[in-house]
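Values in this text are rule-based calculations from the coordinates and carry no lab data. Since the model is a prediction, treat every value here as computed from it, not as a measurement. Cβ atoms come from the backbone with ideal geometry, glycine included; neighbour counts cover every protein chain shown.
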Amino acid sequence: MAKTRQRGKTVNDRDPFGLGREERILQSKVREVFTPHQPIDQIGLLFGREKEVQKLVENVNTPGQHVLLFGDRGVGKSSLANVARFILLNNGRRQGFVKRCDSEDTFETIVQAPLRAIGADLQLETVAKGRRRSRDIGVEKGVVARFGRSSEIVETFKASGTLSPSIVAEALQALSGLLVVDEADAIAKPKDKRKLAELIKHLSDNGSPFKIMVVGIAETGDELTAAHPSVERCLKETHLNRMSSDELLEIILNGSEKLELKFTRGASRAIVRLSSGYPYFTHLLSLKCAEEAIAGGYKEISMEDLEFALQAAVEEAEGALKRRYNDGIRSSGTDLYRVILMAAATIGQGEFSAQGLREAITAITGETISQGSLNNYFKRLVSTDGSTVLRRVGKGFYRFEDPRMLSYVRIANAMLEENDEGQGVS
Ligand SMILES: Nc1ncnc2c1ncn2[C@@H]1O[C@H](COP(=O)(O)OP(=O)(O)OP(=O)(O)O)[C@@H](O)[C@H]1O
Ligand SMILES: [Mg+2]
């Protein structure tokens with residue numbers, strides 16, 4: 001560790017915009033190896049998850065079965081779905097469709113692409129036929145105007161809100177295809193989730209080769225199907241857990257080999273520990289360490305390099321995490337909001353009691369804090385509507401609203417453990 005490095009000095013007076021640094025990083029392709037901001041889309045970059053891939057593939061290949069893949073935010077659902085889809089498309093023997101949902105999506109927009117693929121534009125419904133009155137009667141939001149033979153006659157179609165699952169199932173009946181409905185948790189209306197579940201039921205009952213994979217954040221599978229009871233038999237659930245330390249370590253080892261870098265044992269173990277099972281943080285921390293090494297022209301990444309990279313990782317972390325954390329700790333008068341979150345992060349994943357939290361705070365500050373005083377801080381930190389860093393789950397019991405926040409708090413506060421230091425191995 002005796003080497004002296006100019007960490008963070010790759011942007012200097014001679015290159016104020018860091019163009020040289022950026023060029024070296026781009027050439028190394030490090031951002032294609034460590035990809036915190038996008039799901040994996042190559043089989044070779046997906047680590048662990050062998051059983052889950054196998055189960056998804058088996059279920060989709062079984063007549064009458066469809067699949068539901070769910071778990072916490074950021075555990076790797078889209079990555080797994082991507083790789084399973086790739087295998088299931090079987091060199092073009094199935095036609096693939098991916099729909100990433102947002103709050104505007106409805107049942108109709110979800111099934112649009114496969115319907116189009118078979119030439120069925122069931123979404124268009126004639127609502128008016130008449131003479132063109134103005135020049136700009138072209139395509140408006142949600143309304144499509146079509147011109148007939150005479151340019152004077154115009155037919156107006158409207159996106160129908162009443163497509164029935166059984167009609168869609170009939171239309172797709174013979175198509176050998178796979179539709180991945182990702183981010184299904186974002187579908188705003190339960191009615192649309194239920195219709196999707198009904199479509200799955202019809203496809204299954206009809207023995208159609210058209211398969212659906214529903215993917216989303218949920219604690220239980222029925223959250224994504226709006227608790228449609230009769231779909232359970234044909235919709236096989238896969239719950240995705242956080243990744244193991246060995247699997248996360250593989251991400252670092254594989255990446256460092258590709259980039260011809262070496263993470264010391266201490267640094268790679270600390271990254272794994274800080275990640276708490278979330279591959280997102282493993283990619284983010286490894287990326288920031290590797291970028292600095294590539295820019296600085298060194299090969300070995302040590303604990304000091306990791307410590308330096310933590311700040312860059314915090315700055316680059318997902319906006320929602322950053323915002324919620326900063327809203328929680330912002331205060332001109334006291335540092336205790338930050339200390340409370342650090343204390344919660346020392347307790348670990350899952351629920352904790354107010355008593356346990358007070359003890360953890362005392363372990364950090366050396367001072368006791370009364371329940372009354374803690375309750376005052378909780379006014380900003382705790383809610384039950386998802387708007388704060390912590391959620392009240394029961395009387396006197398709490399957890400982080402976003403389970404990834406535990407890692408973020410540790411990274412933001414450089415909570416590296418004493419025994420993270422170690423000798424170099426790779
Ligand atoms: N098995 C894996 N091996 C290596 N990296 C992975 C694996 N699974 C996920 N990742 C990486 O972890 C991060 C999060 O993955 P992904 O986007 O698939 O999670 P997600 O559960 O779909 O997240 P969200 O809940 O936000 O939709 C990405 O950087 C991705 O590249
Ligand atoms: Mg996803």
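Stretch ARG73-ALA414 to full length: gain in nm at 0.36 nm per residue minus the Cα-Cα span?
120.5 nm
So how do 329-338, 270-279, 181-190 stack up, highest first, on mean other-Cβ count within 10 Å?
Descending mean neighbour count gives 270-279, 181-190, 329-338.
May I ask you to derive the FRET efficiency for ASP15 and GLU300 from their Cβ-Cβ distance with R0 = 30 Å, giving the value to the nearest 0.05?
Between ASP15 and GLU300 the formula returns 0.80.
May I ask for the distance between the Cα centers of the stretch 225-257 and the stretch 301-347, given as a whole number of Å?
Each part's Cα centre sits 27 Å from the other's.
I want to make sure I understand the PRE zone here: with the label point 7 angstrom from the Cα of GLU219 toward its beta carbon, which residues in the stretch 44-72 have backbone N atoms less than 14 Å away?
Of the residues in the stretch 44-72, 71-72 have backbone N under 14 Å from the label point off GLU219.
Working out 0.36 nm times the residue gap between ALA186 and ALA113, then minus their Cα-Cα distance, what length gain in nm do you get to one decimal?
Length difference between fully extended and current span is 24.4 nm.
Considering Cα pairs under 8 angstrom that are at least six residues apart, work out the relative contact order of the stretch 295-376 and quote it in whole percent.
15
Rounded to the nearest 0.05, what FRET efficiency do GLU359 and ALA120 have when you use their Cβ-Cβ distance and R0 = 56 Å?
0.35
Suppose each label sits 7 Å from its Cα in the direction of the beta carbon; what would the LYS379-ARG323 distance come out to in nanometres?
If labels sit at LYS379 and ARG323, their model points lie 2.4 nm apart.
Once you sort the root eigenvalues of the Cα gyration tensor of the stretch 282-389 as a ≥ b ≥ c, which label holds: rounded (a/c under 1.5), prolate (a/b larger than b/c) or oblate (the other case)?
Prolate.
Restricting to Cα pairs below 8 Å that are 6+ residues apart, what does the relative contact order work out to for the stretch 260-330? Please round to a whole percent.
Once normalised by length, the contact order is 36 percent.
Kindly identify the stretch 239-331 as rounded, prolate or oblate by the Cα gyration tensor criterion: order the square roots of the eigenvalues as a ≥ b ≥ c, call it rounded if a/c is under 1.5, otherwise compare a/b with b/c, prolate if a/b is larger, else oblate.
oblate
Please compute the modelled spin-label separation between LYS51 and ARG100, points set 7 Å along Cα→Cβ, answer in nm with one decimal.
The answer from the label model is 3.0 nm.
Over the stretch 307-426, what relative contact order in percent results from Cα pairs under 8 Å that are six or more residues apart?
28
Hey, can you grab everything whose amide H is under 5 Å from the amide H of GLY177? Only 5+ residues off in sequence or another chain; H modelled, so Pro and N-termini drop out.
Correct list: GLN95, PHE210, LYS211.
Under the rule a/c < 1.5 gives rounded, and otherwise a/b versus b/c splits prolate from oblate, where does the stretch 332-408 land using the Cα gyration tensor?
rounded
Would you calculate the separation in nanometres between label points at THR62 and ASN90, each defined as 7 Å from the Cα along the Cα-to-beta-carbon direction?
Each label point lies 7 Å from its Cα, and together they span 1.6 nm.
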